[in-house]
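This report concerns only the one structure given below.
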Protein chains: 2
Amino acid sequence: MIDTNALQKYSLFGGVLPDQIERIKPLFGYARYDAGDRPVREGDPNDKIYFIVIGKVEVSKQGIAIAELEEGETFGEMELIDIMPSIATITALEPLEVVTISNRALYEISKLDCKTFAMLVMNLARDLSRRLRRMDELACRL
Amino acid sequence: MIDTNALQKYSLFGGVLPDQIERIKPLFGYARYDAGDRPVREGDPNDKIYFIVIGKVEVSKQGIAIAELEEGETFGEMELIDIMPSIATITALEPLEVVTISNRALYEISKLDCKTFAMLVMNLARDLSRRLRRMDELACRL
């Protein structure tokens, strides 16, 4: 169901070897949504990162569309590590298939394989840092 | 020179035990600056996180002061993991003492003690996530 090779293209799995992914894969989740479904709602609790395997979603805040994400992209990175309310609503624009990793699964990974866990979290931190730099540039232009 | 108990109050060392800190401490750096010195300049390469042990600094961007940081706070979190140019200039407002961890040292920690490394990077990711949420709120108010 969950294709290891397909997961390797996501930045979160950068540097993680296929057999490392195989080992932790049983901890991943998988879900399907119809167009119009909202896997994540702004302000609601969330504890998962979502990898878009098939489909496209709209990211909105306070009812205003701010971005679209598609196959190969992720959402929920922040909630995965801080388990705070979602900062945006995610709406499926077409039939959607996602692989998920919950905060609980991440904790299980840390016990199962420290190296893989450390790599995932390092990749996550790099992603967040990239987003901070972008936000920072944006804020300076305003 | 570097006080283990003092380091425990920084969010980066949250959950890291004193003996874990002792073990990796030889990899840390230490530096002193005079008032007016600039340990970090916007746009220059940096690969270190700085822990303010004594003193106070001004954070500025494009010549405009945007924040002050003091004992117990850090700067350079983003450069530690992505080794990109500094996003701000840091000026010592009074005599300054800092403990530093470089990207190279972080790599050595990952080889020496995977659990401590994973904990540091997780704490770092949480810090970045907190900052993203703050920036996000700020951007929405503009």
Given (1) under 30 Å from A:Ser60 (Cβ atoms); (2) within 17 Å of the chain's Cα centre (by Cα), B:Ser102 misses just (1)
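Of all residues in the stretch A:18-37, count the ones that are part of a loop (DSSP other than H, G, I, E, B) and surrounded by 14 or more Cβ atoms within 10 Å (Cβ to Cβ).
If we filter the stretch A:18-37 for residues that are part of a loop (DSSP other than H, G, I, E, B), which is where we start, we get A:28, A:34-37.
Now drop any that are not surrounded by 14 or more Cβ atoms within 10 Å (Cβ to Cβ), which leaves A:28, A:37.
Residues in the stretch A:18-37 being part of a loop (DSSP other than H, G, I, E, B) and surrounded by 14 or more Cβ atoms within 10 Å (Cβ to Cβ): 2 in total.
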The condition of being farther than 16 Å from A:Leu12 by Cα and out of contact with any Pro (no Cβ under 8 Å at 6 or more places or on another chain) holds, among A:Leu138, A:Leu128, A:Leu80, A:Leu120, only for A:Leu138
Counting only residues in the stretch B:61-109 that are among the aliphatic types (A, V, I, L, M) and surrounded by fewer than 18 Cβ atoms within 10 Å (Cβ to Cβ), the one modelled with the lowest pLDDT is identified as B:Ile83
Of the residues in the stretch A:38-60 that are surrounded by 14 or more Cβ atoms within 10 Å (Cβ to Cβ) and over 24 Å from B:Asp136 (Cβ atoms), the one that is nearest to the chain's Cα centre (by Cα) is A:Val53
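The values are calculated or read from the model by the stated rules, or taken from the named source; none is laboratory data. All values derive from a computational prediction rather than experimental measurement. No Cβ is skipped: glycine too gets one built from the backbone with ideal geometry, and neighbour counts run over all protein chains shown.
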